[in-house]
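Reading through the structure tokens given below for one structure.
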Amino acid sequence: MAVMTRWLDADEQRTWRAFLTATRALMETLDRELQRDAGMPHAYYEILVRLSEAPDRQLRMSDLAQVTGSSRSRLSHAAARLEEAGWLRRQECPTDRRGQLAILTDAGFAALAAAAPGHVEGVRRHLFDPLSPAQVDQLRRISETLADHLADDRTAS
């Protein structure tokens, strides 16, 4: 049985391309600014943030990969770089010898604290300032809807 392709109409195509362009440009800009101002890519910043918010500033590597949307191999590479910088350390998980914990060091927390003000200003300047309060509310609601839909889709696979 052949499935009919539901092609995008002109408005949907324009919306899709605007969404792609905006999200790519935003993430590239924030990444470039973090590299310039804090010496770290956005992916490393996200790892440090997630660890800073976790109990005892630590997470299992598999859980950290999941919450950052990273593959385990990509996270392992990033963790090695963060260990070299002294911002993270890994240790065996006491409850599961096959697992590893990623632990945010005091130096990593300090690096995050130093990077956060500039990053937050960038997010404000590039995402929130150009939008009206109503648009910010719409963006939040749209983003939550998409995140929920995609989370449901991931668990169904």
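The values are calculated or read from the model by the stated rules, or taken from the named source; none is laboratory data. Everything numeric here is computed off the predicted structure, so don't read it as measured data. We place every Cβ from the backbone using ideal geometry, glycine too, and count neighbours over all the protein chains shown.
In table form, for the structure just shown:
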| quantity | calculated |
| --- | --- |
| Subset of region 45-69 (residues that are among the small types (G, A, S) and touching a Ser or Thr at 6+ places or on another chain (Cβ under 8 Å)) | A65 |
| Residues of region 1-18 satisfying the condition of being of a type in the set (F, W, Y) and either within 16 Å of P117 (Cα to Cα) or part of a helix (DSSP H, G or I) (or both) | W16 |
| Pairs with Cβ under 8 Å, 6+ apart, first in region 135-157 and assigned to a helix (DSSP H, G or I), second at pLDDT 95 or above | V136/F128; L139/L131 |
| Residue that is surrounded by the fewest Cβ atoms within 10 Å (Cβ to Cβ) [pool: residues in region 13-50 that are within 15 Å of the chain's Cα centre (by Cα), over 13 Å from G108 (Cβ atoms) and among the hydroxyl-bearing types (S, T, Y)] | T23 |
| Unique match (being hydrophobic (A, V, I, L, M, F, W, C) and within 24 Å of L75 (Cβ to Cβ)) among A25, A10, A38, A2 | A38 |
| Residue list for region 94-152, restricted to those being acidic (D, E), over 30 Å from D56 (Cβ atoms) and more than 19 Å from the chain's Cα centre (by Cα) | D129, D137 |
| Hey, E53 of a type in the set (D, E), surrounded by 16 or more Cβ atoms within 10 Å (Cβ to Cβ) and under 17 Å from the mean Cα position of the chain (by Cα) or not | no |
